[in-house]
Structure formats: C-alpha cells, structure tokens
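Below you'll find the structure, written out as structure tokens, and then a few comments.
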Amino acid sequence: ASGVEANVFHYTAVISACEKAGQWQLALSLLDSMRRTKLPPNAISYSAAVSACGRGSRWQAALKLLSSMPEASLAPNDFTYNAAITACEKAGQWQIALGLLQTMPEMRVVPNAISCNAAISACEKGGKWQLALSIFASMPKITASPDKFSFSAAISACEKEGQWQLALSLLHQMPETGVVPNAVACNAAISACEKAAEWQLALELLQRMPELGATADVISYNAAISACEKAGQWQMAVALLARMPKVGLNPNVISYNAAICACERGLQWESVLDLTRQMSAARVAMNTATHTAALMTFSSAGRWQEALSLGPGGSPRAADLGRSCGTLLMECEQRDLLAVEVSLTDRLSAAAREGRELPADL
C-alpha cells in the first residue's frame, strides 16, 4: 500500500497538537523539518509554533520565530502577534509585549481583543496599572470594546497597586457596557477593598456577586475573610468561614489562616482552638502561618497547654513541645512581647532545674 505524503496541513495540525500539549521542542523540530524538506511553513504553522514556545515559557524563541517570518516571505498575522504577546505576558516581559502591540498597526495588522487583553495582563503583572488602563481605554478606538477578560485584567492591575476606587469603578462599568462580571473580576475588586481595609465594601461585593451574574468561589471568600481580619472584625471572619460549606465550598488553609489571624487580633483563644480543631477534622494541614498565629494567641492568653500542644496532630509529644517552645520564644522576641517571653522562660527554667520533662500544662 502506498503511504500518504505529508503536506503543510498535516505538519501544521501536528504542530498545533504539540502546542496544546506543551511540547514546544517538538513543535520547533517539526517546523525545522518542514524547512529542510522544502515544505514551506505557512503563517498558521508559525503561529502554532510561536504559541507552543509561549506555553513552554520560551518567549525569546517565540520572538525569534516572529522576526524570522519575513525571511520566509511570510507576513505575521494577528494570530502570530497574539501568540508572541501572550508569550511575553506569561514571562513578565511587559515592555516587549507593549512594543509588539504598538508594532501591529505599522505591520498592517489590526489588534483585536486578544492582543489588547494579553498586553493589559502583561502590564498588570509588571505593576504598570496606568499603562494597563491606557490600553484598556484605547480598545474601542483600535478594536472591539473591552470584554470580561479586558475588565478582569484591568481590575487586577488596579488591585495590585492599591487603586481600589478605580477597581470598583471598572467593576460597576461592566454591566453598563453589556459585559457580565465574572468571578475573576469580582475577586480582584474584593481583594482591592481588602488591601485598602474597606471590609464593608468587600462584604457588599461578596453579597452582590450572584446579582451581578458571578458565582463566589473559595478565592472570593478568602479575600472577604482577609478584609475582616485586617479590620479586626473577627466575628464576621468566623461567620464567613462557617458559611463556606453551606454554599458548597471547602475552606482551604488560606481561609482558616485568615480567620485564625482575625481571632488572634481579637484575643479570642477559644475561637482559635475551635478553628484548629476544625482544620484537623477537615484534614486541612496547618502551615507556619497557622502555627504562628495560634501560638501567639494562646501564649498571650496564658494558655500554655494549648500553645505547646500544637505539634503534628495536636499531640504534646516532647519533640513537638520543644519545637513549640522555640517558636514561641522566637515570636515573643520578634514581637517585643517581653512579659510573655519572661513568663515562658521562667517556667521552662523551673522545669529544667527540677529535672522534669516539659509538661503539657506548662
């Protein structure tokens, strides 16, 4: 039986498959194979290879391919530029991403929403919120109106740089322009309020998400709980955490840590103890932040037994007690809590003088 001779379309299809699978080396190898077999790649072949490089965090290789297209008598199209801008965005190369966007009209390629969104996201990651908003504002002049991805990237840019009023303004513009807010946009706005200590606005946004057409997720609740924590609203933080399972969401370590930190600020050691027990029951592993907040809450309240029982599994074994004591003393030193440090040191010294092991009820 005679074999089927591979053509440009076959090669391009396989390169596209490599791009989706993250196999950038294989994509480049196939493109090189096309050149060697005198089977000229087309713009789609190049675009797929550029995109594969972007997925593989090889932005330099993506740019090299883009710049080599004229040598192959090919003009980059919007797909190629979008792939290159996205590659730069993923690598945090906001200057190059912006430069590519500005080059497109010069090369007689009209930027589209994908081009602008990738450039906005690149500026957002680079902390350039003014540039991100500038691209966002220029979209109706150069391409289609902003979509949910444009708004989300612009709101995230404002959130990261503390521009919470602008973040809220952009979120409110979405329904006015016929764009349904998504969870990403709402979460960024809630986080912006959290960072600005606007906890009431954060809660209001969380409540309004269904009305806006977005579904709250774990990230939404975590941001709202953190907002309450920063404002000293420990009761609300605990209430939000308790609500999560009721709406089908499983709290993670970030959720618990935010609530525990809120209770630490409010000197609510019993609530902290209850939350650590909830974590154990839910099989959510504590991390350093959990231990630190819980230890300081218990030690400040003079609850040494609870503080020293925060080893793995909550059992006050000798090795765990030693680690807990060390952590407590270090935290007291760093936080300038002299009275607590002296009290703990005195108790430890007394136990050592008498030749006793560290007691669980120290």
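Readers should treat all values here as calculations from the given coordinates under stated rules, not as data from a laboratory. Treat the numbers as computed from the prediction; the structure is a model and nothing was measured. Neighbour counts are summed over all protein chains in view; Cβ atoms, including those assigned to glycine, are modelled from backbone coordinates with ideal geometry.
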Fill in the blank from the handout: Calc'd 3J(HN,Hα), the stretch 261-268, phi into Karplus 6.51 cos²θ - 1.76 cosθ + 1.60 (θ = phi - 60°), Hz, glycine/Pro = x, comes to 5, 5, 5, 4, 4, x, 6, 9
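Determine the shape class of the stretch 9-69: with a ≥ b ≥ c the square roots of the Cα gyration tensor eigenvalues, call it rounded for a/c under 1.5, and otherwise prolate if a/b is greater than b/c, oblate otherwise. Each step should come with its number before you reach the end.
Working: a/c = 1.81, a/b = 1.24, b/c = 1.45.
Because a/c hits 1.5 or more and a/b fails to exceed b/c, the stretch 9-69 counts as oblate.
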Practice task
Identify all lysines with a Cα-Cα distance to K90 below 18 Å; exclude those on the same chain that are fewer than 8 residues away in sequence.
Solution key: K20, K64, K125, K128, K160
Practice task
Would you mind computing, in nm to one decimal, how far apart the modelled labels at A282 and V110 are, each placed 7 Å from Cα along Cα→Cβ?
Solution key: 5.0
Exercise for the section: May I ask you to sort R243, R58, R35 by Cβ crowding, counting other Cβ atoms within 10 Å and putting the fewest first? Expected result: R35, R243, R58
Practice task
Calculate one ³J(HN,Hα) per residue across the stretch 48-56 by plugging θ = phi - 60° into the Karplus curve 6.51 cos²θ - 1.76 cosθ + 1.60, and present them in order as whole Hz with x for glycine and proline.
Solution key: 5, 5, 4, 5, 4, 5, x, 5, x
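Based on the Cβ-Cβ distance from H10 to Q305, what FRET efficiency comes out when R0 is 56 Å, to the nearest 0.05? Don't skip to the end; give the middle numbers.
Numbers: r = 71 Å, r/R0 = 1.27.
In this case the efficiency is close to 0.20.
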Problem - Cα lying deepest toward the dipole's positive end in the stretch 1-158, options F9, F79, G99, charges on Cβ - result: G99
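Calculate, for K38 and K141, the FRET efficiency according to 1/(1 + (r/R0)^6) with r their C-beta to C-beta distance and R0 35 Å; round to the nearest 0.05.
Working: r = 44 Å, r/R0 = 1.25.
It comes out at approximately 0.20.
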Practice task
Evaluate the charge dipole of the stretch 1-110 about its Cα centre and quote only its size in Debye, nearest 20, assuming +1 on the Cβ of each Lys and Arg and -1 on the Cβ of each Asp and Glu.
Solution key: 180
Practice task
Label the stretch 107-251 by shape, choosing from rounded, prolate and oblate, from the square roots a ≥ b ≥ c of the eigenvalues of the Cα gyration tensor; if a/c is under 1.5 it is rounded, and otherwise prolate applies when a/b is larger than b/c, oblate when it is not.
Solution key: prolate
Handout entry: Order of E198, E89 - criterion: other Cβ atoms within 10 Å of each residue's Cβ, fewest first
Key = E198, E89
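Quickly rank 41-47, 127-133 as a protection proxy: mean count of other C-beta atoms within 10 Å, highest first. Let's see the in-between values first.
Working: 41-47: 21.1, 127-133: 18.7.
Peptide ranking by packing, descending: 41-47, 127-133.
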Exercise for the section: Find the centroid of the Cα atoms in the stretch 204-244 and in the stretch 1-74, then give the distance between the two in whole Å. Expected result: 46
Exercise for the section: Only Lys, Arg, Asp and Glu count, each charged at its Cβ (+1, +1, -1, -1), so figure out the dipole size of the stretch 186-298 about its Cα centre, rounded to 20 debye. Expected result: 180
